[in-house]
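So the structure is just underneath, and the comments pick up after that.
Laboratory data are not the source of any read-out in this text; all were calculated from the coordinates shown. Keep in mind it's a predicted model, so treat the numbers as computed, not measured. Ideal geometry is used to build each Cβ from the backbone, glycine not excepted, and the neighbour counts take in all protein chains shown.
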Amino acid sequence: MLGGRFGLSRKRDMPRWMKSKAFRYGFLVFFFAMFFLMLWNTYLVFAGARDLKQVVTLLWTFKLPWHWAYHGTLFHPGVAQFAFGFYSVMLTSTVLGLITMVLFKPRSWCVYCPMGTMTQLICKAKNGRAV
C-alpha cells in the first residue's frame, strides 16, 4: 500500500547481489543468530542468571532504550525478556522491509525475507532438488 498506492517506492529492480543465494542465505543465518540470541537471553533471565534487559535492538546492534515500557509488575521477567527480543526481531524486519520498499519495488523484502528463504529451502529439499 505504501509503495504502490501512495507511491513511496522508486519502483526499481533490486541489485543482483541482493537476489543472490549468498546474500539470502547469509541474511537467513543473521536472522537465525539474532533469534537464537533472543532465546538465549530469555533463558538466562528465566534461569535467574541475568536480569531483564529492557532494551529493543535494531539490526542486533543499535539499542533503543525502552525503560518506560515495562515496570515488572505483571509478568515474569523472562516473559518480558522474550517480548523485548521478539519485538527487536520484528522491528528489524519491518524497518528493512520499509527501506527496501522505498529504494526498490514495493515487495522487495520478499526476495530476501528469511521465512521465504527457509520455505524455498524446504520445498527444494522435499522435491529432492539440490540446494
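Comparing Val45, Tyr25, Met14 along the charge dipole axis of the range 7-57, the residue lying farthest to the positive side is Met14, per the Cβ-charge model.
The slack in the chain from Arg16 to Lys126, taken as 0.36 nm per residue of separation less the alpha-carbon distance, amounts to 36.9 nm. Put the Cα centre of the range 27-49 next to the Cα centre of the range 74-120 and the gap is 15 Å.
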